[in-house]
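The values are calculated or read from the model by the stated rules, or taken from the named source; none is laboratory data. What you see is a predicted model, and the numbers here were worked out from it, not measured in a lab. Glycine also receives a Cβ, built like all others from the backbone with ideal geometry; neighbour counts cover every protein chain displayed.
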Amino acid sequence: MRDSKIQDIEIELLVRALQLRYDHDFSGYAPASFKRRVQALLMHSGLSSVSALTEKLLHDESFLPEVVGRLSVPVSEMFRDPEVFKALVTEVFPVLASYPHFNIWQAGCAHGEEVYSLAILLVEAGLYGRARIYATDISAKALDIAREGILPAREARQYSENYRRAGGRHTLSDYFHARYGHIKLDDALKRNIVFDTHNLATDGVFCEAHLILCRNVLIYFRPGLQQRVVRLFRDSLVRGGFLGLGTKETLAFSEDSQSFEPVAGVTSLYRLGSGHAGT
Amino acid sequence: MPAPEHARLVVVAASAGGVQALRRLLGGLSVRFPWPLAIVQHLSEDSSGLARLLASESPLPVREASHGIAIEPGVAYLAPAGYHLMIEQDGHFALSVDEKVCYVRPSADVLFETAAEAYGLGVVGVVLTGSNEDGAQGLQRVRELGGLALVQDPVEAEERAMPEAALALAGADAVLPLAGLARRLNEEAGCSS
């Protein structure tokens, strides 16, 4: 048997160990990307094999956050796909503005790049005071970083350009301080953001949401887990609520696609039909 | 369900100068070319536009690859801009936004390595013009797992760094100009006219 097939077996055993020892279920993750992440984790750990990694994980609880962090959703960038953020302002914000208070759920928020982007646009639209934003991730480590609001400065130029293309009204540097190779986002931006852990593979409805953003997360899941997550979103949204996915993600294959209407002219933005109110 | 035992797949890496090279490579394939191709072209902001351009001149249908679709025979797929394109063992495409590899996303190394793991000796890896080193490690993996390695002749390539890097690290079963690469692919697939 060739090494690569043996490693596939080791990865299955790692997934089983995570489940039995820590109740962390990665069995629904898409195999090719998951394997590459395990390999990257292995390289970073300096251990000799996936089996060695599994052994360490079984006996050393303090290793878990690192493992979960490296196996889960990767970092994003601020205002990634600026046209999507622009569409949120023009298509979704007017609906949100009709509510006295509204909830937004960003599922899989990683280091917070997109949730702070959204917060900035809400401030500029005069809607921030009415918003409660739930930013969740499976990785406690990622959430710690997101809470800090500190991002690497080397990306700042790209972020500024994205912000401009997203229709930002000022300059992005109005919202951060640069220091020591990092940018620190304005603390006022997180006043209405609640950061919390949530596992899309096993946890239930997190909140009643008017807008759910979950971008570039479903591509890491097998079809079965994708179905579960879309159902979870359907059950979490208010009637007429919006769901924004990554630009290469679609509900086309989902059993629940009938419950949603695509928003015309905007890639991967959906609206829950009125016949399918959430809980 | 694993990829069929005798399933074949051509993976192609192209960077600077790649659009012209792809036009000529695809243009040289037989209309009966039976295998699927998966292509990484770097620095293409508009991959669906490039797919349309290539489709207008190629004997094969050319599409942007999307996540989760089954790979069809006789279709050329382009990696979407900004996403790594991967091959699952069951013969489906998968996308990711994981970190850049060789400073690029999509990366040919990622495509080639996952293709080799899924299709083994059924893979043909082709490295074309470009000015970085992406594709070299991937081509090495293709060869390790029994696949065929073809590299554009650096003398002909608009940018020779990428084919040279592939040759230095992985070597190749054949080093050919574009016309020769197309001919070889047709021969391998048993559809040379």
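What the table shows:
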| item | result |
| --- | --- |
| Extreme residue, farthest from the chain's Cα centre (by Cα), among residues of the stretch A:46-98 that are over 27 Å from A:Gly149 (Cα atoms) and part of a loop (DSSP other than H, G, I, E, B) | A:Ser48 |
| Complete set of residues in the stretch A:162-190 that are farther than 22 Å from A:Ala87 by Cβ and surrounded by 12 or more Cβ atoms within 10 Å (Cβ to Cβ) | A:Ser173, A:Phe176, A:His182, A:Ile183, A:Lys184, A:Leu185, A:Asp186, A:Lys190 |
| Number of the exception - A:Gln258 against (1) modelled with pLDDT under 95; (2) not in a helix (DSSP H, G or I) | (2) |
| Breaking point among (1) within 11 Å of chain A (Cβ to nearest Cβ); (2) under 14 Å from the mean Cα position of the chain (by Cα), for B:Pro36 | (1) |
| Members of the stretch B:100-109 found to be in contact with a strand residue (DSSP E or B) (Cβ under 9 Å, 6 or more places away or on another chain) and either free of Cβ contacts under 8 Å to residues at least 40 places away in the same chain or surrounded by fewer than 23 Cβ atoms within 10 Å (Cβ to Cβ) (or both), listed by number | B:Lys100, B:Val101, B:Val104, B:Arg105, B:Asp109 |
| Verdict on A:Glu261 being among the charged types (D, E, K, R), away from chain B (no Cβ under 14 Å), surrounded by fewer than 16 Cβ atoms within 10 Å (Cβ to Cβ) and in contact with a helix residue (DSSP H, G or I) (Cβ under 8 Å, 6 or more places away or on another chain) | no |
| In the stretch A:99-108, the residues that are part of a loop (DSSP other than H, G, I, E, B) and away from every other protein chain (no Cβ under 14 Å) | A:Tyr99, A:Pro100, A:His101 |
| From the options B:Phe93, B:Phe112, residue that is aromatic (Phe, Trp, Tyr) and closer than 20 Å to B:Leu167 by Cβ | B:Phe112 |
| Enumeration of residues in the stretch B:112-146 that are within 23 Å of B:Arg24 (Cβ to Cβ), within 14 Å of chain A (Cβ to nearest Cβ) and either without any contact (Cβ under 8 Å) to a residue 24 or more places away in the chain or of a type in the set (Gly, Ala, Ser) (or both) | B:Ala115, B:Gly138 |
| Flag for A:Ser4 being surrounded by 15 or more Cβ atoms within 10 Å (Cβ to Cβ) and in contact with a strand residue (DSSP E or B) (Cβ under 8 Å, 6 or more places away or on another chain) | no |
| One residue from A:Phe260, A:Phe221 being touching a Gly at 6+ places or on another chain (Cβ under 8 Å) and more than 20 Å from A:Asn103 (Cα to Cα) | A:Phe221 |
| Meets criteria (surrounded by fewer than 17 Cβ atoms within 10 Å (Cβ to Cβ), within 14 Å of chain B (Cβ to nearest Cβ) and closer than 21 Å to A:Ala107 by Cα) for A:Glu66 | no |
| So B:Glu88, is it more than 15 Å from the chain's Cα centre (by Cα) and within 14 Å of another protein chain (Cβ to nearest Cβ) | yes |
| Every residue from the stretch A:146-161 that is within 22 Å of A:Val84 (Cα to Cα), of a type outside the set (Gly, Ala, Ser) and surrounded by fewer than 22 Cβ atoms within 10 Å (Cβ to Cβ) | A:Glu155, A:Arg157, A:Gln158, A:Glu161 |
| Count of residues meeting criterion [of a type outside the set (A, V, I, L, M, F, W, C), crowded, with 21+ Cβ neighbours inside 10 Å, away from chain A (no Cβ under 14 Å) and within 14 Å of the chain's Cα centre (by Cα)] in the stretch B:39-80 | 2 |
